[in-house]
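Structure record follows, encoded as structure tokens.
The values are calculated or read from the model by the stated rules, or taken from the named source; none is laboratory data. A quick note: this is a predicted structure, and the numbers were derived from the prediction, not measured. Note that we place each Cβ from the backbone using ideal geometry, even for glycine, and neighbour counts take in every protein chain shown. Quick note on the areas: whole protein, heavy atoms, side chains included, nothing else; ligands and nucleic acids left out. Shrake-Rupley method; radii C 1.70, N 1.55, O 1.52, S 1.80 Å.
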Amino acid sequence: MDGRELENVTEIRIPFRDIDMHGHMHNAAYYAHAEAALSSLWRHRPHVVNEPSYLVRRSGCVYHRGLRYDEPARFTVNVAKVGGSSISFAVKVEARGQLVAEVEVVWVAVDPQRHTPLPLPTATREWLAAYTV
């Protein structure tokens, strides 16, 4: 893997706390781990003076099979779309070489005080291009 790949990939083992009474990972845990992977990538963004705040506009998940306790899982974050003030992230969840789930998270850039939409900063937009699928 090159350095960029490491920035958008998070590997975990499914903790017991995330398991439901049927032995599968809770639905909400997919979102929690996807957000953690997205946060890990986001730490590598370029510094922007007067950076906007980002709010979740929408999220969704397609489940293909349930993850189990202590199963290794790989969360890969990519950018599906960059709009004027929004970013659509696609988080692919894989285990043992097969697709387990797909999480979509849409952020919108907003003014930190008024929460009105703002255009994405150019530096952020250019950085995101490296992760666009």
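So which strands (runs of 3 or more DSSP E) stay within segment 39-133 end to end and still have 3 or more residues that are open to solvent by less than 10 Å² (accessible area, probe 1.4 Å)?
Counting at least 3 such residues, we get 72-82, 86-95, 98-110.
Among all residue pairs at least 6 apart or on different chains, which show Cβ distances below 8 Å where the first residue, located in segment 72-94, is under 25 Å from residue 123 (Cα atoms) and without any contact (Cβ under 8 Å) to a residue 60 or more places away in the chain and the second is among the β-branched types (Val, Ile, Thr) and in a loop (DSSP other than H, G, I, E, B)?
79/133; 80/133; 90/133
Just the residues that are outside any strand (DSSP E or B) and either more than 16 Å from residue 100 (Cα to Cα) or open to solvent by 100 Å² or more (accessible area, probe 1.4 Å) (or both), please, taken from segment 9-23.
Selection gives 15, 16, 17, 20, 21, 22.
How about segment 52-66: which of its residues are in contact (Cβ under 8 Å) with a residue 40 or more places away in the chain and touching a helix residue (DSSP H, G or I) at 6+ places or on another chain (Cβ under 8 Å)?
Those that are in contact (Cβ under 8 Å) with a residue 40 or more places away in the chain and touching a helix residue (DSSP H, G or I) at 6+ places or on another chain (Cβ under 8 Å): 59, 61.
Given the condition of a type in the set (Val, Ile, Thr) and within 20 Å of residue 14 (Cα to Cα), answer yes or no: does some residue in segment 55-65 qualify?
Looking through segment 55-65, at least one residue is of a type in the set (Val, Ile, Thr) and within 20 Å of residue 14 (Cα to Cα).
For residue 102, are the conditions met, namely being within 30 Å of residue 122 (Cβ to Cβ) and of a type outside the set (Gly, Ala, Ser)?
It is true that residue 102 is within 30 Å of residue 122 (Cβ to Cβ) and of a type outside the set (Gly, Ala, Ser).
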